[in-house]
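What follows is a set of notes on a single structure, which appears directly below.
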Ligand SMILES: [Zn+2]
């Protein structure tokens, strides 16, 4: 393993990382990481939750899954290093502010703002930040009705980790989700 970079994302802030094809970005955390990805050479091509779900034929992301772009290309492949529960795409991913406002507890900024700020220097407009993959977030879903609610299952102290390998040259954006005050810092490593 050759470590290319290591960094910390403070809770309720975001960072952007170029991840070249074949490089692996490792996300280590005890709370939710909002993860989005773009084609490094054309940021109009971005992660698409719906295409990813259809292509995988499921809504949970586990080892060996693929993240698919708006243009239907494979962006990343995934590996979890610990099996710790249910993982899922959060349907309302990243639109924390709007949801929060409805409940009267809006923070000044949330994941969408964190991602928009981190990705702006790379030419990504805030409207073009896609709904994220919410790493380490768990939901309980009723298979019959489709209703869902937050589950508070999270990685144990010290954090679990997920590896995402670039299957194209990627621009990755990650926000350390505030999770209503429960969010922790994330550790990020890029290696080859
Ligand atoms: Zn979030």
Across the stretch 1-16, what is the number of residues that are assigned to a strand (DSSP E or B) and crowded, with 20+ Cβ neighbours inside 10 Å? 3
Taking the stretch 110-155 on its own, how many of its residues are free of Cβ contacts under 8 Å to residues at least 40 places away in the same chain and touching a strand residue (DSSP E or B) at 6+ places or on another chain (Cβ under 6 Å)? 1
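To keep it simple, each residue is scored yes or no on (1) buried (at least 20 other Cβ atoms within 10 Å of the Cβ); (2) at pLDDT 95 or above; (3) over 23 Å from residue 114 (Cα atoms).
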| residue | (1), (2), (3) |
| --- | --- |
| 39 | no, yes, no |
| 42 | no, yes, no |
| 55 | no, no, yes |
| 60 | no, no, yes |
| 67 | yes, no, no |
| 83 | no, no, yes |
Return a yes/no flag: does the stretch 139-148 have any residue that is within 24 Å of residue 23 (Cβ to Cβ) and within 16 Å of the ligand (Cβ to nearest atom). no
In the stretch 44-53, how many are outside any helix (DSSP H, G or I) and either away from the ligand (no atom under 16 Å from the Cβ) or surrounded by fewer than 18 Cβ atoms within 10 Å (Cβ to Cβ) (or both)? 4
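The values are calculated or read from the model by the stated rules, or taken from the named source; none is laboratory data. Predicted model, so just to flag it, every value in this text is computed and none were measured. Cβ atoms come from the backbone with ideal geometry, glycine included; neighbour counts cover every protein chain shown.
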